[in-house]
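Visitor: Would you mind keeping the following structure in view while I ask a few things?
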Amino acid sequence: MNLDDPRAQRSRARLRTTILELAAVKDPAEITMSEVAKHADVNRATVYQHFPDVDALVTDAMEEAVTHVARAAALCPLDAPRNEVPQPLNDVFQHVTDNAALYRRMLGPQGSALFVARLRERLTMELVTSFREGRRPAGFDDVPDAVHAAYLAGALIGVIATWVTEDTPVSAPTAALAFWRLFQH
């Protein structure tokens, strides 16, 4: 299959849109490839030509969101005051709020392990790049960049997953402030 072919691109776009719509209202583990095909109005074989399973499709569809979250997190300034959340971090929490149903399903107990792994990988990569460009908090020279980045990525994902799956979550600004205060220690 040629991914540059406009027909393939249209099919992939339709499949991405469909899976995000389905995942917003149904646990990804319960979504079948047949269901995706039906809702996307394509043949089931077409779905399998592009993606091996639902997890791969969801992860691919969420790539733009993953990139947005990772880049915004890596842009946080090091010198922001403890009680003033950097705008990129506010943007991350607002993005999650705007897409809460989807993130709740993706990061909840029945969510997508592949999505979580991809999010962690992208966050870690963006943070390592940021650290190597001189944007690393002071006092961690004895910790390898990748280890420090993985620690922060895991912490951010853990906080977001807990926050978005709570029965009565606090507001995005409150959650962002709590994470920022933890991050600075």
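Visitor: Residue under question is ASN90, and the condition is that it be part of a helix (DSSP H, G or I) and either on the phi > 0 side of the Ramachandran plot or not charged (D, E, K, R) (or both); does it hold? Give the derivation first.
Guide: Working: part of a helix (DSSP H, G or I): yes; either on the phi > 0 side of the Ramachandran plot or not charged (D, E, K, R) (or both): yes.
Yes, satisfied.
Visitor: Next question, about the same structure. Kindly indicate the residue of the stretch 134-150 that is surrounded by 14 or more Cβ atoms within 10 Å (Cβ to Cβ) and not aliphatic (A, V, I, L, M) and also farthest from ARG181 (Cα to Cα) among those meeting that condition.
Guide: Taking the stretch 134-150 as the starting set, the residues that turn out to be surrounded by 14 or more Cβ atoms within 10 Å (Cβ to Cβ) are 135-136, 145, 148-150.
Narrowing the set further to residues that are not aliphatic (A, V, I, L, M) leaves 135-136, 145, 148.
Working: ARG135: 18, ARG136: 16, ASP145: 21, HIS148: 17 Å.
Applying the filter and picking the extreme gives ASP145.
Visitor: Under 6 Å between Cβ atoms, which residue pairs at least 6 apart in sequence (or on different chains) link something in the stretch 1-30 that is farther than 26 Å from ARG104 by Cα with a partner that is surrounded by fewer than 12 Cβ atoms within 10 Å (Cβ to Cβ) and modelled with pLDDT under 85?
Guide: Pairs that qualify, where the first residue is farther than 26 Å from ARG104 by Cα and the partner is surrounded by fewer than 12 Cβ atoms within 10 Å (Cβ to Cβ) and modelled with pLDDT under 85, are ALA8/MET1.
Visitor: For the stretch 124-146, which positions are within 17 Å of PRO77 (Cβ to Cβ), in a helix (DSSP H, G or I) and among the hydrophobic types (A, V, I, L, M, F, W, C)?
Guide: Hits for the stretch 124-146 are LEU127, PHE131.
Visitor: Go through the stretch 30-81 residue by residue and tally those that are of a type in the set (Phe, Trp, Tyr) and assigned to a helix (DSSP H, G or I). Outline the logic, then answer.
Guide: From the stretch 30-81, those of a type in the set (Phe, Trp, Tyr) are 48, 51; that's our starting set.
When the remaining residues are screened for being assigned to a helix (DSSP H, G or I), the result is 48.
Residues flagged as of a type in the set (Phe, Trp, Tyr) and assigned to a helix (DSSP H, G or I) within the stretch 30-81 amount to 1.
Visitor: Looking at VAL147, VAL159, can you tell me which residue is more than 14 Å from PHE93 (Cβ to Cβ) and either under 15 Å from the mean Cα position of the chain (by Cα) or of a type in the set (A, V, I, L, M, F, W, C) (or both)? Please lay out each step first, then the result.
Guide: Working: VAL159 fails: more than 14 Å from PHE93 (Cβ to Cβ).
Sole residue among the options that is more than 14 Å from PHE93 (Cβ to Cβ) and either under 15 Å from the mean Cα position of the chain (by Cα) or of a type in the set (A, V, I, L, M, F, W, C) (or both): VAL147.
Visitor: Hey, another quick one. Return yes when ARG105 is among the basic types (Lys, Arg) and either without any contact (Cβ under 8 Å) to a residue 12 or more places away in the chain or closer than 16 Å to ALA72 by Cβ (or both) and no when it is not.
Guide: Values: among the basic types (Lys, Arg): yes; either without any contact (Cβ under 8 Å) to a residue 12 or more places away in the chain or closer than 16 Å to ALA72 by Cβ (or both): no.
So ARG105 fails the test.
Visitor: Of GLU121, GLU84, which residue is acidic (Asp, Glu) and either touching a Cys at 6+ places or on another chain (Cβ under 6 Å) or assigned to a helix (DSSP H, G or I) (or both)? Step through it out loud before you land on a result.
Guide: Details: GLU84 fails: either touching a Cys at 6+ places or on another chain (Cβ under 6 Å) or assigned to a helix (DSSP H, G or I) (or both).
None of the other options fit; the residue is GLU121.
Visitor: Sticking with this one: Could you check the stretch 71-84 and list, in sequence order, the residues that are within 14 Å of ILE160 (Cβ to Cβ) and in contact (Cβ under 8 Å) with a residue 60 or more places away in the chain? Steps first, please.
Guide: Of all residues in the stretch 71-84, those within 14 Å of ILE160 (Cβ to Cβ) come to 72-73.
ALA73, the sole residue that qualifies.
Visitor: Still on this structure: Could you pull out the residue among PHE115, PHE131 that is touching a residue at least 12 places away in the same chain (Cβ under 8 Å), over 21 Å from GLU63 (Cα atoms), surrounded by 14 or more Cβ atoms within 10 Å (Cβ to Cβ) and in the same structural domain as HIS68 (by TED's automatic domain parsing)?
Guide: Values: PHE115 fails: over 21 Å from GLU63 (Cα atoms).
Residue meeting the stated conditions: PHE131.
Visitor: Does any residue of the stretch 21-41 turn out to be surrounded by 22 or more Cβ atoms within 10 Å (Cβ to Cβ), assigned by TED's automatic domain parsing to the domain that holds ALA175, at pLDDT 85 or above and aliphatic (A, V, I, L, M)?
Guide: no
Visitor: Go over the candidates ALA176, ALA101, ALA149, ALA161 one by one and state the one that is assigned to a helix (DSSP H, G or I), closer than 15 Å to ALA70 by Cβ and aliphatic (A, V, I, L, M). Steps first, answer last, please.
Guide: Values: ALA176 fails: closer than 15 Å to ALA70 by Cβ; ALA101 fails: closer than 15 Å to ALA70 by Cβ; ALA161 fails: closer than 15 Å to ALA70 by Cβ.
Just a single option satisfies the conditions, and that option is ALA149.
Visitor: I'd like to know if the stretch 86-109 contains one or more residues that are assigned by TED's automatic domain parsing to the domain that holds THR129 and of a type in the set (Ser, Thr, Tyr). Don't jump to the end; show me each part of the working.
Guide: Residues of the stretch 86-109 assigned by TED's automatic domain parsing to the domain that holds THR129: 86-109.
Okay, now just the ones that are also of a type in the set (Ser, Thr, Tyr), so 97, 103.
Within the stretch 86-109, one or more residues are assigned by TED's automatic domain parsing to the domain that holds THR129 and of a type in the set (Ser, Thr, Tyr).
The values are calculated or read from the model by the stated rules, or taken from the named source; none is laboratory data. For clarity, every value in this text was computed on a predicted model and none was experimentally measured. All Cβ positions, glycine included, derive from the backbone under ideal geometry; neighbour counts span all protein chains shown.
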